[in-house]
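Have a look at the structure below, then the notes.
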Amino acid sequence: MKNNKFSIKTISLISFLLTLPAQAADYGVSMKYTTNDAHAVLDNMSTQKEAFSELINQGLIKDMYIRNSEIDGKELPIIKFVISGENEEEIKSKLSTLPFHKKNFLEIENIKLLGAKWLDSTPQYENYSLTFKWIKPIKNIEFDKILGNDLQRIIALNQAGQITSSYLNTQEDEDGMVKPVYLLSIRAQNEKNAKELSKQFDAVIKGYADVDVAYLGYKIDLNKK
């Protein structure tokens with residue numbers, strides 16, 4: 001009975017989050033270099049960092065990950081990050097003011113709506129994103145059971161330090177049913193390890209959900225000065 005009560009409380013919390021009034025949401029953004037001039041990038045790196053720090057100081061950047069990208073045989077850092085905004089157009093407008101965008105050194109590779117952030121930590125390990133998506137119909141009773149079990153799994157992994165960020169979003173099916181979905185940032189040794197972790201979730205085990213895995217890099221502590 002104790003576990004069932006815990007599941008109900010967890011589901012109630014998510015229901016509350018998903019019924020909040022529409023506000024600025026969090027978007028995951030990945031970038032890619034569009035120049036072959038590594039020296040120009042390095043020469044302007046400090047200016048780019050200073051401008052991006054302003055977004056952090058304004059509280060718009062929620063998460064940031066760093067990895068290496070190759071330009072003309074040189075490895076240079078590039079970031080993936082989570083930024084708050086009303087919609088994709090507003091995000092693009094904010095980023096267009098940054099020096100690298102003005103000089104056409106970078107372009108947006110992908111923007112993804114993440115939803116509302118509900119778990120967070122910043123251990124110094126490589127991170128991978130797990131994006132869950134419901135792929136076939138499911139009866140309400142079975143759905144409630146699977147959701148409760150998987151949310152307990154998320155909280156357990158978070159307590160174990162395995163999850164570094166978690167976002168909640170919604171997905172509407174063809175029949176009009178709106179389901180909560182979770183997007184996780186986890187620490188893992190490699191992509192294979194990340195995929196194995198995703199197979200711990202009931203929705204995946206029973207074939208109701210699929211998971212996209214992507215490399216993020218090392219998470220940056222935005223509170224460090």
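The values are calculated or read from the model by the stated rules, or taken from the named source; none is laboratory data. Small disclaimer: the values here were computed from a predicted structure and weren't measured. Cβ: placed from backbone, ideal geometry, glycine included. Neighbour counts: every protein chain shown. For accessibility, only protein heavy atoms count, side chains too; no ligands or nucleic acids. Shrake-Rupley method; radii C 1.70, N 1.55, O 1.52, S 1.80 Å.
Residues whose amide H comes within less than 5 Å of that of Thr164, counting only those at least five positions distant or on another chain, are Ser185, Ile186, Arg187 (H built at 1.01 Å from N in the peptide plane). Apolar share of the accessible surface for segment 132-225: 46 percent from carbon plus sulfur atoms, 1.4 Å probe. Pairs of Lys residues in segment 166-225, spaced 8 or more positions apart or belonging to different chains, with C-alpha separations under 22 angstrom: 6 in total. Within a straight-line Cα-Cα reach of under 15 Å, Lys80 can be paired with the following aspartates and glutamates, leaving aside sequence neighbours fewer than 8 residues apart in one chain: Asp26, Asp63, Glu107, Glu109, Glu126, Asp221. A straight chain from Thr170 to Asp43 at 0.36 nm per residue would run longer than the Cα-Cα distance by 41.5 nm. If R0 equals 22 Å, the separation of the Cβ atoms of Asn190 and Glu70 corresponds to a calculated FRET efficiency of about 0.70. A 1.4 Å probe, protein heavy atoms only, puts the accessible area of Lys192 near 150 Å². Computed over protein heavy atoms with a 1.4 Å probe, the accessible surface of segment 74-222 works out to 50 Å² per residue. Using the Karplus relation 6.51 cos²θ - 1.76 cosθ + 1.60 with θ = phi - 60°, the per-residue 3J(HN,Hα) values for segment 68-78 come to 9, 9, 8, 10, 6, x, 10, 8, 10, x, 9 Hz, with x marking Gly and Pro. Modelled label positions at Asn149 and Thr97, each set 7 Å beyond Cα in the direction of Cβ, lie 4.9 nm from each other.
In this label model, Ile56 and Glu142 are separated by 4.6 nm, measuring between points 7 Å along each Cα→Cβ vector. Ignoring ligands, DNA and RNA, what percent of the 1.4 Å accessible area of segment 25-101 is carbon and sulfur? Carbon and sulfur together cover 43 percent of it. Comparing Gln58, Ile71, Asn110 along the charge dipole axis of segment 46-118, the residue lying farthest to the positive side is Gln58, per the Cβ-charge model.
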